[in-house]
Amino acid sequence: MYLRSQPSRGPTQRCCGFTVTEMVLGTFLMALLAVLLAAAVATFARPAAEVDGRTRLALEASLAAEALARDLGGYLADNSGVPGTLTQYQFNNWVPSSDGTTLVLNYQGTPPAPVSLSVTYQEQNYGLVRTLSNGVQNMVVASHVTGFNASLCDSDGSPDPAGSYLRIEITLTYPDPSSPRQSNPSFSGTYVLIGVQPPPLPAQ
Amino acid sequence: MLEVQIAFVLLGIGLAGLCPFVVMQLRQLRSLESRLTASTYVYHSVGMATRTVQSNQIYYLVPWNNPWAQKLTTRAQLLPTPSNTSDPTVTSQPAAGFPHVTLPQVVSLTLDGNGNVTAVTASVQVN
């Protein structure tokens, strides 16, 4: 007797691809992941970019303030390391330009120094440039400077053409217009410094 | 599905690990900005409206009262007030013939292995 062998059934043929349910579930998970990533960027990347820009502003402002404090201390800082006498390199006066874009600080230069010396501050190419009157020493003391204004004022900082105080406004912006990085975020800060005249030399 | 849940949990743990770094950076930034605060800040942040913060903070560059302090420190004081009440007023100048001090040589510094200054050597000439 022969038993007719039944043709064995192989594994069920599954069609390739995925079902609508799987697609919907996958889309939902992708959307959820995108929301989570966007939240993570908003939470971590934005503060990181903000810290970067604001730190640069704070550092450049500190450098600018330090340079001005050095030159408004009563004597010229560039004295070759030789203290000399009290009259050498003594601060004489400050002369802001009429439009406020340039500040000139004059110093006495009794021998052996030159007769008079001056230091000029102005904004050039988004940098605060300090120039000594000998024309050789030209130095950028701060970057990202988008505004510099110097004017005479009262002790409270209110403008006064006959005032005995000097109001200096420095605006810093990061990234500045010369930077190749021109996208958001950007930050700017305006710093106000008021120069006080040094007291006159006491009488003997 | 379990794998997806595990992946999300790991992602959450990883993101939570960034929190201390962000907080540390913000604290350092605040400390840095407190040294010199701008009168006006303008922020253009990503996805946010432009913010303007006015502190109206101004600083005074106040020279020292003592002329030798002015000359040797070569730096004005950066103060929030127009004067420093703790800076003593100088009422008299050194008499004529007061020793004239010069510094003929550059001041030399002695550093240890970590780069810290351990000694300062200055040669002065008094005549």
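Just so it is clear, none of the values below were taken in a lab; they were calculated from the coordinates. Quantities reported herein were computed from a predicted structural model and do not represent experimental measurements. Virtual Cβ from ideal backbone geometry, glycine too; neighbours counted across all protein chains shown.
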Report the normalised scattering of the range A:50-195 as log10 I(q)/I(0) at q = 0.09 Å⁻¹, calculated by the Debye formula with identical scatterers on the alpha carbons. -0.31
Just counting partner chain Cβ atoms within 10 Å, what average do the residues of peptide B:13-20 show around their Cβ? 2
So what's the back-of-envelope 222 nm ellipticity for chain B, counting only DSSP H runs of four-plus at -39500 (n - 2.57) apiece and dividing by all residues, rounded to 500? -11000 deg cm²/dmol
Sequence-distant residues sharing a close amide H with A:G74 (under 5 Å, placed H): none
Kindly write out, for the range B:47-57 in residue order, the coupling ³J(HN,Hα) from the Karplus curve 6.51 cos²θ - 1.76 cosθ + 1.60 (θ = phi - 60°), rounded to whole Hz, with x marking Gly and Pro. x, 10, 6, 5, 10, 10, 10, 9, 10, 6, 7
Would you grab the residues whose amide H sits under 5 Å from the one on A:F148? Only those 5+ places off in sequence or on another chain, please, with H modelled 1.01 Å from N. A:T171
Within a 10 angstrom radius of the beta carbon, how do A:H144, B:H44 rank from fewest other beta carbons to most? B:H44, A:H144
Using modelled backbone amide H atoms (1.01 Å from N, in-plane), which distant-in-sequence or interchain residues come within less than 5 Å of A:G195's amide H? A:L166, A:R167, A:I168, B:L61
For the range B:1-46 the trypsin sites (Lys or Arg not before Pro) that pass both the DSSP coil test and the at-most-13 other-Cβ-within-10 Å test are none
When Cβ neighbours within 10 Å are restricted to other protein chains, what is their mean count per residue of peptide B:43-56? 4
Applying the gyration tensor rule to the Cα atoms of the range B:2-54 (axes a ≥ b ≥ c; rounded if a/c under 1.5, else prolate if a/b exceeds b/c, else oblate), the class is oblate
From the phi of every residue in the range A:153-167, what ³J(HN,Hα) in whole Hz does the Karplus formula 6.51 cos²θ - 1.76 cosθ + 1.60 yield, where θ is phi - 60° and glycine or proline is x? 8, 8, 5, 8, x, 6, x, 8, x, 9, x, 9, 10, 10, 9
Using the alpha carbons of chain B, what is the convex hull volume per residue in cubic angstrom, as a whole number? 219
Distance (nanometres) between label positions extended 7 Å along Cα→Cβ at B:M48 and A:L59: 2.2
List, in order, the whole-Hz ³J(HN,Hα) value for each residue of the range B:3-19 obtained from phi through the Karplus relation with A = 6.51, B = -1.76, C = 1.60 and θ = phi - 60°; use x for Gly and Pro. 4, 5, 4, 5, 5, 5, 4, 5, 4, x, 5, x, 5, 5, x, 7, 4
Would you mind telling me which residue in B:N84, B:N65, B:N116 has the biggest mean-square fluctuation in a Gaussian network model of chain B, where springs connect alpha carbons within a distance under 10 angstrom? B:N116
Most exposed to least, judged by fewest other Cβ atoms within 10 Å, A:E66, A:E123, A:E60 sort to A:E66, A:E123, A:E60
Overall Cα dimensions of the protein assembly as shown - principal axes, largest extent first, Å: 142, 51, 39
So what is the relative contact order of the range A:50-195, in percent, for Cα pairs below 8 Å that sit 6 or more residues apart? 19
